[in-house]
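The values are calculated or read from the model by the stated rules, or taken from the named source; none is laboratory data. Computed from a predicted model, the values in this text were never measured in an experiment. Because the Cβ atoms are built from the backbone with ideal geometry, glycine has one as well, and the counts that use them run over all protein chains shown.
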Amino acid sequence: MHKMFRLHSKNPSASSSTTSFSAGSSSGGGGMSYSGPKYGIFLVGATYLDTILHVADFPTEDSKQRAERVEQRRGGNAANTAEVLAQDPRARVWYMSSLPSASASRPLLSDLEECNVKTDACVYHSSQNAPPQAYIISAGRTGTRTIVSHSTLPDLTLNEFIKKFDAACMRLTSDIDQISCPFRWIHFEGRGEDVYKMIDYVESVYLRHGWRQKLTISVEFEKGDRPGIANLLMRADVCFFSRLYVETLQFDRPEDFLASVGSFCKPKATLFCCWGTHGAVGLHLETQTRLSASTGRLDMVVDSVGMGDTFIAGIILALGIRGYDIGRGLRFACELASQKCMQSGFKRLLRSMPQDD
């Protein structure tokens, strides 16, 4: 059984309650000096080379339009989340991904390593000479981004995961003597038919060593049409659902979706759905406590690419490292995601947040 997160609710014994928050007054850490215990976080996902076309308005079909600016940077949901997490000095962040040859991957991984993300767990495919590509049209006036991606890389296999994960556990345990288990939070992108087997393997290792109570396993559900993704619902302690996933399943409101999907999840799971600039909602299944938070006022959207990835990082930081209750964690994650939209990229994002108390 994973550790329980504290609830922020006026009536925690009620069978169903709703609590709303504004993102404007959350406090979160930006301090970079820390000498206390370190917390291992392990993330598994796909890595892309993003080409971002910044335009004022999304182009109409069969038209020509000049981009205001173009940028290339390393992308990928879990990779972006890892970059934000690594800005907290309490976090020791490891990242695993299926990648092309070592030479083709070097520009992507050097960027992550410079951000203090360990990439030793990545798996290389020497026959692949180019990274997966994502072309993103970012419309400044509406804050939307439209993504067209392409990848020929195979998904991670269970055997690849076991080999690299075991090595990472041994490495982290020997590097950090302040922790009693290697990783306190393990996060998966919901892609690939072997992901549920990877989670089952992690469960078996942590149960065997008596660590399971200290571990949180989370899964991001981004696309509803991915094979085997339904197998992950009952395996995650924390579920992150994208707006795309919810709308693919014909729901218009995130609150309605969370109420419906809860019966397919762990009875004590915590569910989150980020709804872009409209904020996010959460549901703690054991108490049926519903929570919501706004993004606050966005005076100017500079770069919305990675807003959802930043939200996930905010929840992991808030609940997994800082010990916030779920309500405060949701508020913190929304504020962090809002801050992301007001800057380009992810650099020094946590420094813009108030000091942790």
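In segment 198-250, what count of residues is obtained for those that are outside any helix (DSSP H, G or I), touching a residue at least 60 places away in the same chain (Cβ under 8 Å) and within 16 Å of Ala269 (Cβ to Cβ)? Final tally of qualifying residues: 8. Which ones in segment 23-48 are at pLDDT 90 or above and assigned to a loop (DSSP other than H, G, I, E, B)? Result: Gly45, Ala46, Thr47. Scanning segment 342-355 for residues that are under 23 Å from Val281 (Cα atoms) and over 16 Å from the mean Cα position of the chain (by Cα) yields Met342, Met353, Pro354. Candidates are the residues of segment 247-280 that are surrounded by fewer than 17 Cβ atoms within 10 Å (Cβ to Cβ) and basic (Lys, Arg); the one that is nearest to Gln339 (Cα to Cα) is Arg253.
Here the condition is being in contact with a strand residue (DSSP E or B) (Cβ under 8 Å, 6 or more places away or on another chain) and among the acidic types (Asp, Glu); of Glu160, Glu193, it holds for Glu160 alone. When we screen Thr277, Thr248, Thr310, Thr270 for residues that are polar (S, T, N, Q), closer than 26 Å to Thr47 by Cα and modelled with pLDDT of 95 or more, the only hit is Thr310.
Note on segment 98-141: residues that are basic (Lys, Arg), outside any strand (DSSP E or B) and touching a helix residue (DSSP H, G or I) at 6+ places or on another chain (Cβ under 8 Å) total 0.
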